[in-house]
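Visitor: Okay, here's the structure, questions in a sec.
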Amino acid sequence: MTSTATMGDARGELAGESHRIGPNAITQLAAAIESHRDGDALYRVFKDAGIVDYLDTPPGEMVDEHEVCRLHHALRNRVGYASYRGIARLAGNLTGDYLLANRIPGFARQALPRMPRTLASRILTRAIERNSWTFVGSGRFHWLIKQGSPVLIIEDSPLARGCSLPGPACDYYAGTFERLYRQLSSHQGTLQETSCIANGAEVCRFEFD
């Protein structure tokens, strides 16, 4: 079974605005940078991205996807690819924690872990699909279930767009998805980005090992 979400595209086109992404992609990355680096590094990264004002007034609403792209690019350039991956994955974990605490209804947090893993995965993945417009911007989200585990696919990922890297570029997404599935559908493995457009692949693909 494969499903496709295009709400992000439709909302942007109908509103005549640039595509937008939830503020966690900025605020949680800032928190992850602070945990790995000093305040000066945080300031320099945000200055490089042209969004230093967010350090004084963190965004509380959806932000332009270009700001998120610039921030992730700036972090990679400032700290190097290997360090970027760890920081971005931590930011994804923090985003997952935020969603679990603030966006996932209490009954779902209680019920999903008690269901068979395949059923819980389907329900959770459909919920992610419905909300994909909040994190993929102008990208497109697809999914399928393979041997009881989710396979998540992002076309034209904003985090990988225009990149040429030695490995995956979307650790932020991987960290977010992994935290949600581990908590809500009993997946204990590591969610890996097994293909990425930053390496010349057609899509960014995420699977549990």
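Every number in this text was worked out from the coordinates using simple rules, so none of it is lab data. From a predicted model like this one, the values you see are computed outputs, not experimental measurements. Every residue, glycine among them, receives a Cβ derived from its backbone with ideal geometry; neighbour counts consider all protein chains shown.
Visitor: Residue farthest toward the positive end of the dipole of the chain, with Cβ of Lys/Arg at +1 and Asp/Glu at -1: which of Ile153, Ala169, Thr57?
Guide: Ile153
Visitor: Between Phe107 and Asp209, how many nm apart are label points set 7 Å from Cα along the C-beta direction?
Guide: Inter-label distance under the simple model: 3.8 nm.
Visitor: Give me the Debye-computed log₁₀ of I(q)/I(0) at q = 0.22, 0.30, 0.35 Å⁻¹ for region 92-131, equal point scatterers on Cα only, no solvent, two decimals.
Guide: -0.77, -1.14, -1.14
Visitor: For the chain, give the magnitude of the charge dipole about the Cα centre (Cβ charges: +1 Lys/Arg, -1 Asp/Glu; no others), in debye to the nearest 20.
Guide: In total the dipole reaches around 760 debye.
Visitor: A follow-up question, please. For region 168-185, just list the computed ³J(HN,Hα) in residue order, Karplus coefficients 6.51, -1.76 and 1.60, θ = phi - 60°, integers in Hz, with x standing in for Gly and Pro.
Guide: Once θ is set to phi - 60°, the couplings for region 168-185 become x, 10, 10, 5, 4, 5, 4, x, 5, 4, 4, 4, 5, 5, 5, 7, 10, 9 Hz.
Visitor: While we're looking at this one, here's another question. Restricting things to alpha carbons, tell me how big the chain is in terms of Rg and Dmax, in Å.
Guide: 16.4, 48
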